[in-house]
1. Of (1) surrounded by fewer than 23 Cβ atoms within 10 Å (Cβ to Cβ); (2) within 18 Å of the chain's Cα centre (by Cα); (3) closer than 20 Å to A95 by Cβ, C165 satisfies all except one. Which?
2. Yes or no: N295 polar (S, T, N, Q) and surrounded by 19 or more Cβ atoms within 10 Å (Cβ to Cβ)?
3. Just give me the residues in region 133-161 being of a type in the set (A, V, I, L, M, F, W, C) and either closer than 18 Å to N176 by Cβ or crowded, with 19+ Cβ neighbours inside 10 Å (or both), in sequence order.
4. For region 37-76: of the residues being modelled with pLDDT of 95 or more and aliphatic (A, V, I, L, M), which is farthest from W126 (Cα to Cα)?
5. In region 306-345, which residues are polar (S, T, N, Q), buried (at least 17 other Cβ atoms within 10 Å of the Cβ) and either touching a Gly at 6+ places or on another chain (Cβ under 7 Å) or under 20 Å from T251 (Cβ atoms) (or both)?
6. From (1) crowded, with 18+ Cβ neighbours inside 10 Å; (2) out of contact with any Cys (no Cβ under 6 Å at 6 or more places or on another chain); (3) under 22 Å from A222 (Cβ atoms), pick out the condition that doesn't hold for V265.
7. Within region 320-342, identify whether any single residue is touching a residue at least 24 places away in the same chain (Cβ under 8 Å) and under 22 Å from N231 (Cα atoms), and answer yes or no.
8. Keeping to region 172-200, report how many residues are buried (at least 24 other Cβ atoms within 10 Å of the Cβ) and of a type in the set (A, V, I, L, M, F, W, C).
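The values are calculated or read from the model by the stated rules, or taken from the named source; none is laboratory data. Everything numeric here is computed off the predicted structure, so don't read it as measured data. Positions of Cβ are generated from backbone atoms using ideal geometry, with glycine treated the same way; all protein chains shown enter the neighbour counts.
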Amino acid sequence: MKIGTKFLPLILTALAGLDLQCSLIAQGSLTPPGAPAPTMKTLSQVEPRIPISSLPFNIDTSGSYYVTSNLVGTVNSDGIYIWANDVTVDLNGFALIGPTNGVFEYGINGAGSTNVVIMHGSIRGWTRTGLNGVSFTHCRVLDVAASSNGLTGIVTGNSSLVERCSADHNGLTVANQKGISVGSGCTVRDCNISGQDGTGSQGIVANGNSLIQHCVVQNNSANNGTGINPNGVSVIEDCVVVNNQGGTNYTGIISSACRVRNCLVTANSGDGIRAFGASSILDNNCSNNGDNGINAGNGGSRIEGNHLMNNGGRGIALSTANSCVVVRNTASANTGGDYPAAGSNIGPIQSPSTATSPWANFSF
């Protein structure tokens, strides 16, 4: 198509204006940018914790620490000593191992610290206690195996949690040692204790006001020993205390004003459960023990819904006939008799097939 000559000046003027307008659009700074910023993390950012690569090791600053390999201690030195609050030590799946020919060493020791966490590894072969946290309050010990230590396996102070831990063959031949020992107001859960044989040794010990739950205490042989002893008002439930055969008097569970519920307490050389003042002993299986299935002294306890068979003493023994409420238990073949003499606080003793009372204790 042809453009008339009379329009040509107008077109040229429009094109010139467009070119001027485009030349006025900003093009940005021509100054080159600075040096490129780093795009990768530093080593301290990738692993902000502090490594423990040799023993002995002192911790005097709050923070998170981790073990880098199996570590062996030195004679007359604790493995790790904690002075600070707010400390986490991750054993990282490794072991702290006591020195050969050791004299006086703790695996982990400390003084007056709070909010300490020890987790994920093993502490074995120390001449003293594996983890000596008696002065650690609000402490957590998680997934730790303490074995073959000269005294107690694991110790913590008040208001602490010990969970998914094991203590095996600690305090051999040494009197009055413990697998796990905690202070007041503590929780011990999902733990396993075995292999102690020192006179008077105990599997799990607390200092009252505690919860002991889902634990197993087995195959200990401590003369005058005890499987679980909370030493005061506490709850013990869903525990297994079996085959502890020290001498003739290994007591499965000691209860003082406690609630002991749904535990299996069998094949111990002494009493299955020994109860004192205002205890509730409910729904336990106490059978095949060397002495009484349940032995209640000092009165005031409620004993209900337990199963008692083949014990060397009585199924249930009381200090006096009316010292406790005894109802709805089942008992059979206990050498000293299934129940104490009938009393006003004891439900009628009847055969299951002819029972007439909802509070009857069955003997069969």
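1. Status for C165: all satisfied but (1).
2. yes
3. Result: V134, F136, C139, V141, V144, A145, A146, L151, I154, V155.
4. Of all residues in region 37-76, those modelled with pLDDT of 95 or more come to 49-76.
This time we only want the ones that are aliphatic (A, V, I, L, M), so: 50, 52, 55, 59, 67, 71-72, 75.
On the way: I50: 24, I52: 18, L55: 13, I59: 19, V67: 17, L71: 12, V72: 10, V75: 10 Å.
Of everything passing the filter in region 37-76, I50 is farthest from W126 (Cα to Cα).
5. N306, N311, S323, N329, N334
6. Here V265 meets the rest and fails (2).
7. Within region 320-342 (the criterion being touching a residue at least 24 places away in the same chain (Cβ under 8 Å) and under 22 Å from N231 (Cα atoms)), the answer is yes, since at least one residue qualifies.
8. Total meeting the criteria: 6.
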